[in-house]
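First up is the structure itself, then whatever we jot down about it.
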Amino acid sequence: MKKILILLLMSAFLVGCASLKESEWVKHDTMYASSAHMSYSIWGYKNPDAKWQKLSEEQGWWGKSVPYIPAK
């Protein structure tokens, strides 16, 4: 009985993942801007250098700058 339940849950999960093509989630790039961004996040952050800075600026890894406006 447990195996059937697990198979049903896995099937439902896979069907849900297959419908991602129509969802907005696929179009939203929240995780990594590129493979270089991913490799920096995994390994490069331990030893940042000018190469990573240049890639970051070219590919816009960190989004737009928001100016700080102090509260009144």
Task: Residues satisfying the stated conditions in segment 27-56, i.e. hydroxyl-bearing (Ser, Thr, Tyr) and part of a helix (DSSP H, G or I) - done: 35, 39, 40, 41, 45, 56
Open item on the list: Out of the residues in segment 12-50 meeting the condition of being within 21 Å of residue 63 (Cα to Cα) and of a type in the set (A, V, I, L, M), tell me which one is modelled with the lowest pLDDT.
Closed with: 26
Task: Residue within segment 57-66 that is of a type in the set (D, E, K, R), in a helix (DSSP H, G or I), modelled with pLDDT under 85 and out of contact with any strand residue (DSSP E or B) (no Cβ under 7 Å at 6 or more places or on another chain) present - done: no
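The values are calculated or read from the model by the stated rules, or taken from the named source; none is laboratory data. In this text the structure is predicted, and so the values were computed from the model without any measurement. Positions of Cβ are backbone-derived with ideal geometry, glycine not excepted, and every protein chain shown enters the neighbour counts.
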